[in-house]
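*Asks:* Sending over a structure as structure tokens; questions will come in a sec.
The values are calculated or read from the model by the stated rules, or taken from the named source; none is laboratory data. All values derive from a computational prediction rather than experimental measurement. A quick note on method: Cβ atoms are made from the backbone with ideal geometry, for glycine too, and the neighbour counts reach across all protein chains shown.
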Amino acid sequence: MKAAEYSQHTTADSAFVSTNSICQGRVVPILWPKIFDTESFIRFAYTSFKWANLASYNAGVTVVIVGLSRDSAKKQHLYTLDRDGEISVRETENITPYLTAGENNVIKSQRQNISGLHDMAFGNMPIDGGNLLLSTVDLEQLCLTQEAKDMFIRRIYGSAEYIRGLVRYCLWIKDDSLESALEIDGIKERVECVKAMRQSSKDAGTRA
């Protein structure tokens with residue numbers, strides 16, 4: 001931002017190495033419209049690549065290189081590092097803040113659903129002290145019949161399951177089958193632990 005403001009008073013171009021977060025998600029509509037308001041544009045860019053320094057135990061980070069200019073006579077180039085380590089370059093009429101070729105369309109976040117669906121306040125958030133969630137070993141230790149498994153057990157998918165391929169399950173007890181579930185000692189014990197955990201919470205919503 002400072003470089004873009006500086007270029008309003010000079011003929012200077014600028015370029016920065018940055019984490020690629022500046023060209024992703026919610027950061028884009030916060031940062032880039034302000035930069036474009038200074039009449040700066042992205043003159044060249046390297047899309048995401050891994051970077052690390054020579055320090056011991058250094059943490060590798062994914063970065064981009066972004067060059068800014070106000071000189072419209074200069075051509076715009078978009079560089080990409082492929083999996084083989086080869087750099088390809090394409091000349092384009094405009095580089096977007098997402099480091100693609102095209103128009104500067106910025107996606108803004110909003111809280112209201114545009115499709116008429118229910119709002120999602122949270123993802124998988126059982127607030128159960130871990131008692132409703134089961135590993136494969138936990139499930140085996142419950143010693144459930146196949147009928148009970150079909151009625152009370154579901155696979156659960158959170159970010160770790162999706163990204164790392166982990167397998168977990170959860171207890172899924174409908175109101176009309178609660179009495180049957182509580183007849184199983186292992187399930188009853190876990191339900192009671194959930195109840196105790198929620199009742200002892202300082203959060204009124206959790207207690208409710």
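*Asks:* Regarding residue 116, is this residue in the same structural domain as residue 195 (by TED's automatic domain parsing), on the phi > 0 side of the Ramachandran plot and without any contact (Cβ under 8 Å) to a residue 24 or more places away in the chain?
*Replies:* no
*Asks:* Any residue in segment 184-208 that is farther than 29 Å from residue 140 by Cα sitting within a Cβ distance under 7 Å of a residue that is polar (S, T, N, Q) and in a helix (DSSP H, G or I)? List the pairs, counting only those 6 or more apart or interchain.
*Replies:* Qualifying pairs under 7 Å: 207/199.
*Asks:* How many residues does segment 128-180 contain that are closer than 24 Å to residue 199 by Cβ and charged (D, E, K, R)?
*Replies:* Looking only at that region, the number is 6.
*Asks:* Being out of contact with any His (no Cβ under 9 Å at 6 or more places or on another chain), within 14 Å of residue 95 (Cβ to Cβ) and surrounded by fewer than 17 Cβ atoms within 10 Å (Cβ to Cβ) is the requirement here; does residue 36 meet it?
*Replies:* The answer is yes for residue 36.
*Asks:* Considering only segment 158-175, state which residues are within 13 Å of residue 191 (Cβ to Cβ) and touching a residue at least 12 places away in the same chain (Cβ under 8 Å).
*Replies:* Correct list: 170, 171, 172, 173.
*Asks:* Conditions: (1) over 30 Å from residue 48 (Cα atoms); (2) surrounded by fewer than 12 Cβ atoms within 10 Å (Cβ to Cβ). Residue 126 meets all but one. Number of the miss?
*Replies:* Just one mismatch for residue 126, condition (2).
*Asks:* Confirm whether residue 10 is more than 23 Å from residue 109 (Cα to Cα), touching a residue at least 12 places away in the same chain (Cβ under 8 Å), surrounded by fewer than 16 Cβ atoms within 10 Å (Cβ to Cβ) and not charged (D, E, K, R).
*Replies:* no
*Asks:* Further, regarding this structure: Can you tell me how many residues within segment 67-86 are surrounded by fewer than 11 Cβ atoms within 10 Å (Cβ to Cβ) and of a type in the set (A, V, I, L, M, F, W, C)?
*Replies:* The total comes to 1.
*Asks:* For residue 158, indicate whether it is of a type outside the set (D, E, K, R) and under 21 Å from residue 206 (Cα atoms).
*Replies:* The answer is yes for residue 158.
*Asks:* Please go through segment 181-198 and pick out each residue that is of a type outside the set (A, V, I, L, M) and out of contact with any helix residue (DSSP H, G or I) (no Cβ under 6 Å at 6 or more places or on another chain).
*Replies:* Correct list: 183, 185, 188, 189, 190, 192, 193, 195.
*Asks:* Mind checking whether some residue in segment 139-149 is of a type in the set (D, E, K, R) and either touching a residue at least 40 places away in the same chain (Cβ under 8 Å) or in contact with a Lys or Arg (Cβ under 9 Å, 6 or more places away or on another chain) (or both)?
*Replies:* The answer is no; no qualifying residue exists.
*Asks:* Considering each of 108, 149 in turn, give the residue that is surrounded by 10 or more Cβ atoms within 10 Å (Cβ to Cβ), outside the structural domain of residue 22 (by TED's automatic domain parsing) and out of contact with any Leu (no Cβ under 6 Å at 6 or more places or on another chain).
*Replies:* 149
*Asks:* Mind checking which residues of segment 158-182 are surrounded by 10 or more Cβ atoms within 10 Å (Cβ to Cβ), of a type outside the set (Val, Ile, Thr) and not in a strand (DSSP E or B)?
*Replies:* 158, 159, 160, 161, 166, 172, 174, 177, 178, 180, 181, 182
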